[in-house]
Amino acid sequence: MILNKEFFWFLLLASSIFTACESDIDINDDWEEVTIIYGLLDPSDSVQYIKVNKAFLGEGAAYGYAAVHDSIYHQDSIEVTLTAWDGNSKKKEIILLQDRSIPKDSGSFSYPDQILYRTPPGDTLDSNYEYELTVTRVEKDELVATAKTKLIKDFQISTPSVVSTATIGFADQNKYKLYNVSIVAAENGRLYELVVRFNYKEVDILSGDTTLHSLDWQAFSKVKAKNELLDGIENISKKIDGKLFYYLVNSSIQENANVIRIASTLDFMFFVGGEELSTYIDVNNAQVGLTTIKVKPEYTNVDGGLGIFSSRFQKILRNKELSDYSIDSLACGSITGKLGFLDSDFETCN
């Protein structure tokens, strides 16, 4: 599974849930354990990961407990299961494996050890089915929490063309230009993001050594499908500003007189989020403002707990070539002309 930072709006707001537990629950209430689930099923990936935490109030601040490993994990007391449904017909049941191999970054919550739940090797998802997640307390054979989501299906990229060798134009002869990106919306997909990866080479003038580099441009994010049915027939088009590409290159690469740079290819990386995730993000963003006193978990699709269980899909169109004018603008344009890129004839800019 690709655990990256590119799909930034898929980074779930776990801290807001714990903030809410501290702010919104009467500390004089009886002790209560709350299960928190974070899961984004991705049929384009070979492995699925689910995060299952717990929160509770004791004699002290919630953040104090958050730093204690045993306070936020169920340990070995639960079983986490994915069940595939076709209407009312059960098609497959997958018991997830406990996984401790991925370290957690530092922060308010216990780190670096963390417990995730993953699908066993070879157990892939079928996008034709709806998936139900269940968390069961093993000792008591007690259902703790459940959630359901439909999977996002594969979709068509119209522009850039998948089959054509047409180049990508971010600049024309005398100006920077807009480039139109278009897709046919994915079935069950509500939220869309595009990251364009620019690949280039650096050649050391003294040693002749060549190194490969890349940088990512978030071309658009949080673009929503308007069709309420999410039936995969809507066309989505978005113009991206080529001038912003050159500003990104200029701010990301330092001048270096000891290297020459050669523009290579572009990778178009599309990310799609499901309906539940879109709603979750909208609700949390709506609560951030100058008058906000506290954040409440106003939306969850988890029965018997908190959090979010939804789906996503990743699709990458690789190795698209920049147009000659676009490469010449890298080499000679007013924004990036000092970075040492060669022009489309592999010559320095005079």
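FYI, it's all coordinate maths here, none of it is from the lab. Being a predicted model, the structure only gives us computed values, none of them experimental. A quick note on method: Cβ atoms are made from the backbone with ideal geometry, for glycine too, and the neighbour counts reach across all protein chains shown.
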With R₀ set to 45 angstrom, the calculated FRET efficiency between the beta-carbons of Ser164 and Ser89, to the nearest 0.05, is 0.60
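Show me the ranking of peptides 193-203, 87-97, 169-179, 263-273 by mean Cβ neighbours inside 10 Å, starting with the highest. Write down the numbers at each step before the final one.
Numbers: 193-203: 18.7, 87-97: 12.4, 169-179: 15.8, 263-273: 21.2.
Result, highest mean first: 263-273, 193-203, 169-179, 87-97.
How many percent of Cα pairs in segment 158-223 exceed 20 Å? The partial results should precede the final answer.
Working: 1094 of 2145 pairs.
Across segment 158-223, Cα pairs with separations above 20 Å total 51 percent.
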Expressed in nanometres to one decimal, the distance between label points 7 Å along Cα→Cβ at Gln218 and Glu234 is 2.2
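To two decimal places, what compactness ratio does segment 204-244 give when its Cα radius of gyration is scaled by 2.2 N^0.38 Å? Let's see the in-between values first.
Working: Rg = 19.4 Å, N = 41, 2.2 N^0.38 = 9.0 Å.
Expressed relative to 2.2 N^0.38 Å, the Cα Rg reads 2.15.
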Inter-probe distance in nm under a simple model that places probes 7 Å from Cα toward Cβ, at Asp267 and Asn199: 0.7
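Could you tell me the calculated FRET efficiency between Leu244 and Glu347, based on Cβ-Cβ distance and R0 = 22 angstrom, to the nearest 0.05? Write out the running numbers ahead of the final one.
On the way: r = 26 Å, r/R0 = 1.20.
The calculated FRET efficiency here is 0.25.
Take the Cβ-Cβ distance between Val47 and Asp282 as r, set R0 to 35 Å, and report the resulting FRET efficiency rounded to the nearest 0.05. Write down the numbers at each step before the final one.
Values: r = 28 Å, r/R0 = 0.81.
For R0 = 35 Å, the calculated efficiency reads 0.80.
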Taking amide H atoms as placed 1.01 Å from N in the peptide plane, list the residues 5 or more away in sequence, or in a different chain, whose amide H sits under 5 Å from that of Lys92. Ala84
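Find the Cα radius of gyration of segment 75-217, compare it with 2.2 N^0.38 Å by division, and give the number to two decimals.
On the way: Rg = 23.2 Å, N = 143, 2.2 N^0.38 = 14.5 Å.
Dividing the Cα radius of gyration by 2.2 N^0.38 Å gives 1.60.
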